[in-house]
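Worksheet: the structure to be examined is printed underneath.
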Amino acid sequence: MRRREFTIALGGTAVAWRLIPRAFAVDLPRVSILHSGFPNRTPIHILFEELRSLGYEQGQTAMIDLYGAEGDSVRLTRLVGQLAKQKPDLIIGLTSPAARALKQAGVTTPVVFAFVSDPIGLGIVESLARPGANFTGVTYGDAILGAKRLEFLLEALPGTRRVAVLWGHFPENVPLFEDISRSASKQGIEIISRELGGAEDLAQAFKDVAQAGAQCVVFLTDNTMFGYRKEIAELALANHLPSIHAFETEAEDGGFMSYGPNLSNAYRRVAGLADRVLKGISPANLPVEEPTTFKMVINLKTANALGLTIPSTLLVRADEIIE
């Protein structure tokens, strides 16, 4: 008899799995993936593919549950409480809010995190070399990249003197904004800061900075805004504001540029750490890994729509050019 396939909702995210004998399912390692935002709007498939390559096939050699808090702190707290009771063999916490919520709840399950800029500052680990307790993972290392993004944007747009920074209320964005501001001050660049009040504030925010004379935008995303990549790209284009972002998918979805740690590599390294934990190594003995590869993406389609000519010196340094 063929096994029937079902689709079930887990934490607001649809996940397909095969119905298997209950006795067999009990013996499979159980992995819960918790994302504080909208995992189905991210390239989460890369993580599943890498887990599969390591031998964790959904419904056959592992039970993998995916939960998304959809940017709702109350929902995130509830999901964390649910996971604390379920006690899976491993929790993969994606984004700082997810990792922080798991830590604050005192979960005893081993946790591997990703896309966390400052795990020491957030109190998630004691140190990168010796994380201690039951947490380890891969940092995002975003806070030191603000000046670099500004540098690339200014190189792409010679003569720029006023740069807008659009950012939401997200702890990790504060040091990033400060890094941008320090770099801008040294170069005599005026920063127009506009904090976002949520997705419903995006259109007005772009309008405000355009009216204030901004010539381009550094967009600091967060777990909620990441799900509105296409809308953000459209607003930047409509207001004639070339934008640079953190994640490559933001440029792929229409943003002018992006620069940050390689997203695919981060997912692969998280899967590798998860595999080692599931094989019996304590997270306390697995050093937190930092980004080793970075990726710059330039969307030439967007550049052309904005009437921009990108310097050849910048084009040759891009890791990906979208035409």
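Can you pull the one-decimal nm distance between simple spin-label points at residue 45 and residue 187, each 7 Å off the Cα toward Cβ?
Taking the two extended label points, one gets 3.6 nm.
Could you work out how far apart the two model spin labels at residue 52 and residue 201 are, taking each label as a point 7 Å from the Cα in the direction of the beta carbon, and quote it in nm?
4.0 nm
With +1 on the Cβ of every Lys and Arg and -1 on the Cβ of every Asp and Glu, and nothing else charged, how large is the dipole of the chain about its Cα centre, in debye rounded to the nearest 20?
The dipole of the chain has a size of about 860 debye.
If packing is taken as the mean number of other Cβ atoms within 10 Å per residue, what is the order of 272-285, 300-313, highest first? Kindly include the intermediate steps, with their values, before the conclusion.
Numbers: 272-285: 17.2, 300-313: 13.4.
For the peptides 272-285, 300-313, the packing ranking is 272-285, 300-313.
Give me the distance in nm between label points sitting 7 Å out from Cα along the Cα-to-Cβ direction at residue 120 and residue 144, one decimal.
If labels sit at residue 120 and residue 144, their model points lie 1.1 nm apart.
Which entries of 87/148; 186/301; 207/301 show an alpha-carbon separation above 30 angstrom in the structure shown?
Pairs exceeding the cut-off: 87/148; 186/301.
Which of rounded, prolate, oblate describes the stretch 195-252, given a ≥ b ≥ c as roots of the alpha-carbon gyration tensor eigenvalues and a/c under 1.5 marking rounded, otherwise prolate only if a/b is larger than b/c? The partial results should precede the final answer.
Working: a/c = 1.79, a/b = 1.28, b/c = 1.39.
Verdict is oblate for the stretch 195-252.
Any chance you could run the full-extension gain for residue 161 through residue 178? It's 0.36 nm times the residue separation minus the Cα-Cα distance, nm to one decimal.
4.3 nm
With a/c under 1.5 counting as rounded, go ahead and sort the stretch 21-100 into rounded, prolate or oblate using the C-alpha gyration tensor (a ≥ b ≥ c being the square roots of the eigenvalues; past the cut-off, prolate if a/b is larger than b/c, else oblate).
Details: a/c = 2.48, a/b = 1.41, b/c = 1.76.
Taking the square roots of the gyration eigenvalues as a ≥ b ≥ c, the stretch 21-100 is oblate.
Mean residue ellipticity at 222 nm from the helices of the chain, using -39,500 (n - 2.57) per DSSP H segment of n ≥ 4 over the full residue count, to the nearest 500 deg cm²/dmol?
Details: 12 runs with 115 residues, N = 323.
My calculation for the chain gives -10500 deg cm²/dmol from helical runs alone.
Rounded to the nearest 20 debye, what is the charge dipole size of the stretch 251-323 about its Cα centre when +1 sits on each Lys and Arg Cβ and -1 on each Asp and Glu Cβ?
Charge dipole, the stretch 251-323, about its Cα centre: 200 debye, nearest 20.
Rule-based calculations on the coordinates, nothing more; no lab input. Since the structure is predicted, the reported quantities are computational estimates derived from the model, not experimental observations. Here Cβ is always computed from backbone atoms with ideal geometry, including for glycine, and neighbour counts include all displayed protein chains.
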